[in-house]
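Novice: Take a look at this one; I'll ask things after.
Each value in this text was obtained by applying a stated rule to the coordinates, not by laboratory testing. Bear in mind the structure is a predicted one, so any value in this text is a computation, not a measurement. Here the Cβ positions follow ideal geometry from the backbone for every residue, glycine too, while neighbour counts run over all protein chains shown.
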């Protein structure tokens, strides 16, 4: 097998000119990380009062 078989242009490093995240892209990234952090914090605080099944079931339904 040659290394060309595993060469994917999507995975190659980008140049500075190709990096074009807008303010909107950064905002969505920040919001997504913030929402996940809040969800994990609330879930961690509720864990002592919940069974493992009652924790896993809503996660599976939500995703």
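Novice: Using helices alone, I'd like the mean residue ellipticity at 222 nm for the chain: each DSSP H run of four-plus residues gives -39500 (n - 2.57), total over residue count, nearest 500.
Specialist: Value at 222 nm, helices only: -18500 deg cm²/dmol.
Novice: Give, as ranges by residue number, the residues of the stretch 9-53 whose backbone N falls under 18 Å from the point 7 Å along Cα→Cβ of residue 60.
Specialist: 50-53, by backbone N distance to the label point.
Novice: Taking 0.36 nm per residue of sequence separation and subtracting the Cα-Cα distance, how much length would be gained by fully extending the chain between residue 16 and residue 51, in nm to one decimal?
Specialist: So the chain would gain 7.7 nm between residue 16 and residue 51.
Novice: What is the helix-to-structure angle for 23-46, meaning the angle in degrees between its Cα long axis and the longest Cα principal axis of the chain, kept from 0 to 90 and rounded to the nearest 10?
Specialist: 30
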